[in-house]
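K.L.:
Just dropping this structure here.
The values are calculated or read from the model by the stated rules, or taken from the named source; none is laboratory data. Note that this is a predicted model, so its numbers are computed, not measured. Note: ideal-geometry Cβ built from the backbone for every residue, glycine included; neighbour counts use all protein chains shown.
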Amino acid sequence: LIAEAGLYTASDQIIILSPKNVDSVLFNSTAAVLVEFYATWCGHCVAFSPTWKNLARDIKEWKPAVDLAAIDCADESNRKVCTNFGITGFPSLKFFPAYSSSESRGLELRGFPRDVRGLRHYIIDKLEMHNEAWPPACPPLETASEAEIDNFFQTNNVKLLALVFESEDSYVGREVTLDLLQYENIAVRRFGVTDFPSCYLYNSSRHISRLKVLNEARTFYSYALQRLPGVVRTGKPQIPITDLLKNSTLQEWRQFNKTSVYMSDLESALHYSLRVELSGHISISGNDLTALKKYINVLAKYFPGRPSVKSALKTVDSWLQQQKGTEIKYSNFRDVLDNTVQTSDAVLPEGVQWVGCQGSQSHYRGYPCAFWTLFHVLTVQAKEMAIPGTFNMHSEVLQAMRGYVSSFFGCRPCATHFESMAQESMDHVTTLSAAVLWLWSRHNRVNNRLAGDLSEDPHFPKIQWPSPELCPSCHGLKKTGEHHWDQGEVLTFLRNYFSSTHILMDYLQ
Ligand code: FAD
């Protein structure tokens, strides 16, 4: 499925350079670009590539001001480009300021840091070196003066000013400024010199309040500021403070608790997948048939449904396992599913009724939301149902998801991205707990990639989940001030959140 041969793919949010796009990306661009020149055969480059990918995820919001790119110099078709830039060793990093001319060979970063935090600071240092040709999307990064703040609301068309108080050598204020650059109605400036960072909000009536966060650090400030009432991502509609969702969809709105899992979503996902998505395949054979058998098998084993639904899944599973040929007809599968040959206590309800997965408009959320939820529930169920001391197939549920997505999931770009993540690391999953965490962390990667995308429902912004409000103990700080997920706490949280006893049965048909 994956066409790219180098160390990076399109889902890494890194611009992949080639002779075709190199001039348009690097020269006369409104954003600065930091380029990694690498060779696929170079061990140091392979070792450095996870850092480069993590950096791309970490500074995704900074893209209009500074972007990351990479070029594989081992690819013969790229060789001339690498030679023109004077590249002789790998990996090499070069910084191209905004509006670089076509004569520019970039600024070589010798002895660059090998960690995300160090690189991030390095990028800020380089951004600050711009003189006249400052990237237009980049807000001021220097410390604000008292005069600037006094006149702020007269000279800037924003409703809120967030002031980060910090010491001179801290990067937090500048990082938060860049994290918010794609948001409207708010500006961020760094100010003053204090020993510990803190963030205060000013509005045009000069009302001042301290920003409440779990930890006084970049990720927590950015997350909180991006979610303030009235603050919106550029290009997204203003989100009403009151709940206007009821009026924004033509379908009947079902009230729901945003922090619960609903059985109605899970059953709807089953209906859609088994009766709608699969029905596009008149006959199913080869790898697709294997994928279908594995999918139905994990559903039959772990779906924590009503007895009638479990019974229907078990019937379909045993029928499928009996099919020894290399091909089945979807119509035969459907007959079994629809109970034409069974007793009536085995039923999968027809139709979809999204509840926790309702979108504010009909083209948002629904099936993909419920599909993720289904597999989080299944990974947790597999963990809960394991008998200690016996052999368990650790990644059985993940492999079933991988097979289904690859063979049948209607969104083909989604399938390509998911397969790329699976190829990278699914084989390293060696415990049932690791399977639960793998799916959580990969779902967060997708969230990171899609944040701000057209497909994002403005009422349900993509966040690194669970939020600090939903699970305070999941979030911590390293000594360096970097955000850190406490994976033990995350696992406990997921096992509780997706457990069968917490699934709400409201709105079932
Ligand atoms: P979703 O991301 O669908 O999440 C559903 C619910 O799960 C959330 O409401 C939240 O309660 C919970 N949740 C959120 N994050 C996590 C987490 N990390 N761990 C556990 N639970 C979590 N869309 C694209 O445009 N491009 C793609 O490449 C793409 N790839 C996809 C790959 C797969 C395998 C799937 C299933 C979907 C993919 N989608 C893709 C769809 C996209 O991920 C969302 O499902 C869709 O945009 C709906 O988003 P949502 O707001 O309902 O939340």
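K.L.:
State yes or no: is LEU313 surrounded by 17 or more Cβ atoms within 10 Å (Cβ to Cβ), assigned to a helix (DSSP H, G or I), under 28 Å from the mean Cα position of the chain (by Cα) and more than 11 Å from the ligand (Cβ to nearest atom)? Break it down stepwise before answering.
P.N.:
Numbers: surrounded by 17 or more Cβ atoms within 10 Å (Cβ to Cβ): yes; assigned to a helix (DSSP H, G or I): yes; under 28 Å from the mean Cα position of the chain (by Cα): no; more than 11 Å from the ligand (Cβ to nearest atom): yes.
So LEU313 does not fit the description; no.
K.L.:
Another one. Under 6 Å between Cβ atoms, which residue pairs at least 6 apart in sequence (or on different chains) link something in the range 49-77 that is within 20 Å of PHE112 (Cα to Cα) with a partner that is of a type in the set (Ser, Thr, Tyr) and buried (at least 22 other Cβ atoms within 10 Å of the Cβ)?
P.N.:
Matching pairs, first to second residue: ALA70/TYR8.
K.L.:
Check SER204 against each of (1) in contact with a strand residue (DSSP E or B) (Cβ under 6 Å, 6 or more places away or on another chain); (2) without any contact (Cβ under 8 Å) to a residue 60 or more places away in the chain; (3) hydroxyl-bearing (Ser, Thr, Tyr) and name the one condition it does not meet.
P.N.:
Tallying (1) in contact with a strand residue (DSSP E or B) (Cβ under 6 Å, 6 or more places away or on another chain); (2) without any contact (Cβ under 8 Å) to a residue 60 or more places away in the chain; (3) hydroxyl-bearing (Ser, Thr, Tyr), SER204 fails exactly one: (1).
K.L.:
Quick check on the range 442-490: of everything there that is free of Cβ contacts under 8 Å to residues at least 60 places away in the same chain, surrounded by fewer than 16 Cβ atoms within 10 Å (Cβ to Cβ) and in a loop (DSSP other than H, G, I, E, B), which residue is nearest to the ligand (Cβ to nearest atom)?
P.N.:
TRP465
K.L.:
Considering only helices (runs of 4 or more DSSP H) fully contained in the range 91-168, which possess at least 1 residues that are touching a residue at least 40 places away in the same chain (Cβ under 8 Å) and under 24 Å from THR40 (Cβ atoms)? Please lay out each step first, then the result.
P.N.:
Details: elements: 116-128, 146-150, 152-155.
Passing ranges, in order: 116-128.
K.L.:
Filter the range 38-96 down to residues that are closer than 30 Å to LEU180 by Cβ and among the aliphatic types (A, V, I, L, M), then give me how many there are. Step through it out loud before you land on a result.
P.N.:
At the first step, the residues of the range 38-96 found to be closer than 30 Å to LEU180 by Cβ are 48-70, 93-96.
The next check asks that each one be among the aliphatic types (A, V, I, L, M); those that pass are 55-56, 59, 65-66, 68-70, 93.
The total comes to 9.
K.L.:
Moving to a separate point now. Any idea which of (1) within 18 Å of the chain's Cα centre (by Cα); (2) of a type in the set (Ser, Thr, Tyr); (3) at pLDDT below 95 is the one SER467 doesn't satisfy?
P.N.:
(3)
K.L.:
Which of the residues belonging to the range 182-224 are among the charged types (D, E, K, R) and either closer than 26 Å to GLY476 by Cα or under 28 Å from the mean Cα position of the chain (by Cα) (or both)?
P.N.:
First, the residues of the range 182-224 that are among the charged types (D, E, K, R): 184, 189-190, 195, 206, 210, 212, 216, 218.
Within the range 182-224, GLU184, ARG189, ARG190, ASP195, ARG210, LYS212, GLU216, ARG218 qualify.
K.L.:
Here's another thing I want to ask about it. How about the range 263-315: which of its residues are hydroxyl-bearing (Ser, Thr, Tyr) and over 20 Å from MET505 (Cβ atoms)?
P.N.:
At the first step, the residues of the range 263-315 found to be hydroxyl-bearing (Ser, Thr, Tyr) are 264, 268, 272-273, 279, 283, 285, 290, 295, 302, 308, 311, 315.
Within the range 263-315, SER273, SER279, SER283, SER285, THR290, TYR295, THR315 qualify.
K.L.:
Let me ask something additional. For SER279, only one of the following conditions fails: (1) at pLDDT below 95; (2) not in a loop (DSSP other than H, G, I, E, B). What is its number?
P.N.:
Answer for SER279: the failing condition is (1).
K.L.:
Also, quick follow-up: Confirm whether ALA382 is within 27 Å of PRO461 (Cβ to Cβ) and surrounded by 22 or more Cβ atoms within 10 Å (Cβ to Cβ).
P.N.:
no
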